[in-house]
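Structure first, commentary second.
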Amino acid sequence: IFLMAAKVIILSLFCFAVVQSQVDLTLVPNASGSDVVKAVVSKIETARLFPTDHRLLRRIAYVESLDGEDTRAFRDGYHGGIWQVNRATLIDTQNLSAHPGLDSLYDKIEAYFGINWRFVTWEDLRMPLYSGLAARIYLSLNPDDIPLASETNEQATYWRTIYNGTAKDFATLVKALDNCNIDVDLIFVLDSSNSIGSGNYQRVREFVKNFIMSGITIGRDDDQVGVIIFSDGTRVVFNLNTYQHQVQLLDAINNIPYIDGSTNTAAALRQLIDEG
C-alpha cells in the first residue's frame with residue numbers, strides 16, 4: 001500500500017512475496033544512471049571501509065559524467081567509468097610503496113567485495129562499483145579532510161585539487177543535482193504475526209535492507225526511514241528521524257524482532273495513518 005502526500009511515501013508490507021534476484025548493475029560494464037550510482041555509493045558506505053565523505057563521492061559521479069549519462073563517459077579507449085578515474089589515478093591506488101597503509105585496506109575490500117584490488121585493471125573500471133571504489137580509495141589518499149556537504153564551495157575546491165576541474169563547474173552541477181533529488185520519508189509496516197512465520201519474516205527484513213541499499217540516501221537532509229511492526233498489536237520500532245546514517249539504519253533493521261501472534265491488519269493501518 002502506498003500513501004503519498006507532499007514528499008512522503010508510506011510503504012506497507014502486509015504480505016510478502018519472494019522477489020527474484022535481479023542483475024547487479026553495479027557490476028555491469030557501462031551501466032549508468034542515478035540508481036546505479038546510488039547503489040554503488042550505498043555498497044561502499046555499508047562496507048564501512050572509509051569515514052563519511054559528506055556526499056562527495058555521489059556528487060563526483062554527477063559532476064564527472066552526469067552519472068554516466070554523458071555521451072563521453074564511456075568513450076572508446078577510455079575506461080575510467082562513471083567516476084572518470086584516469087589510468088594514472090588507478091595506479092596510484094595500487095602503489096603500496098607510496099601508500100603502505102593500503103595493504104590492510106585491500107584485505108578489507110577483498111573480504112567484503114571479493115575484489116583483489118592489487119590486480120584490478122583500468123578496463124575493470126567500466127564496471128560502476130570498480131570505478132566508485134577507485135575514486136573513493138583515491139580520495140582517502142588525500143590527507144585533507146573532506147568538507148561538509150553543506151560547504152559546497154569548499155568541496156568544489158577539494159574536488160578541483162583532486163580532479164583538476166573548475167570549482168565553478170562543480171558548484172553549478174551540484175546545485176542541479178540537489179535540485180533534481182526528491183527526498184522521501186518511508187515508513188515500512190512489517191507483518192510480524194504467525195501468518196507470515198519467522199522464516200519469511202527474515203526474508204522480509206532482507207527485502208527492506210536490499211531496498212534501502214538499492215538507492216536510498218539516508219540523512220537529515222535526505223531520505224528518512226521508519227519501521228512499524230504488527231501482529232495482534234502494533235509497535236513503532238523507530239521513527240523517521242531516529243537514524244541519520246545508513247549503516248546505523250541497517251543495523252537497526254537487523255535487530256527488528258519477530259513477535260508472532262495473530263494478524264491485526266486493522267490496527268496496523270490505524271498506526272500507519274497516525275504516523276503518516
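The values are calculated or read from the model by the stated rules, or taken from the named source; none is laboratory data. As the structure is a computational prediction, the values presented were derived from the model and not from experiment. Reconstructed Cβ throughout: ideal geometry from the backbone, glycine too, with neighbour counts over all protein chains shown. SASA here: full protein model, heavy atoms, side chains in, ligands and nucleic acids out. Shrake-Rupley method; radii C 1.70, N 1.55, O 1.52, S 1.80 Å.
Could you tell me which chymotrypsin sites (Phe, Trp or Tyr not before Pro) in segment 223-257 are loop residues by DSSP with no more than 14 other beta carbons within 10 angstrom of their beta carbon?
The qualifying sites: there are none.
Which peptide among 248-256, 99-107, 53-61 comes first, and what is the full order, when sorted by highest mean count of other Cβ atoms within 10 Å?
53-61, 248-256, 99-107
If you average the C-alpha positions of segment 105-130 and of segment 211-253 separately, how far apart do those two centres end up, in angstrom?
Between the Cα centre of segment 105-130 and that of segment 211-253, the gap is 30 Å.
May I ask you to give the solvent-accessible area per residue for the chain, in square angstrom, as obtained with a 1.4 angstrom probe?
Per-residue accessible area for the chain comes out at 50 Å².
Would you work out what percent of the accessible area of the chain, with all protein chains in place, is carbon or sulfur (probe 1.4 Å)?
With neighbouring chains kept in place, the figure for the chain is 50 percent.
Calculate, axis by axis, the spread of Cα positions in segment 126-276 along the three principal axes, and write the results as whole Å, longest axis first.
61, 30, 25
Note down the Stokes-Einstein diffusion coefficient of the chain in µm²/s, whole number, using a Kirkwood radius over alpha carbon pairs, 4 °C, and 1.567 mPa s.
After rounding, the answer is 64 µm²/s.
Over all alpha-carbon pairs in segment 68-191, figure out the percentage whose distance exceeds 23 Å.
The share of Cα pairs beyond 23 Å in segment 68-191 comes to 44 percent.
In segment 16-122, which GluC sites (Glu not before Pro) are in a loop and have at most 15 other Cβ atoms within 10 Å, using DSSP for the loop call?
Taking segment 16-122 and a limit of 15 other Cβ atoms within 10 Å, the loop GluC sites (Glu not before Pro) found are Glu69.
Beta carbons within 10 angstrom, averaged per residue: use that to sort the peptides 133-139, 192-198, highest first.
Highest mean packing first, the order is 133-139, 192-198.
Largest first, please: the extent of the C-alpha atoms of segment 31-140 along each principal axis, to the nearest Å.
37, 29, 22
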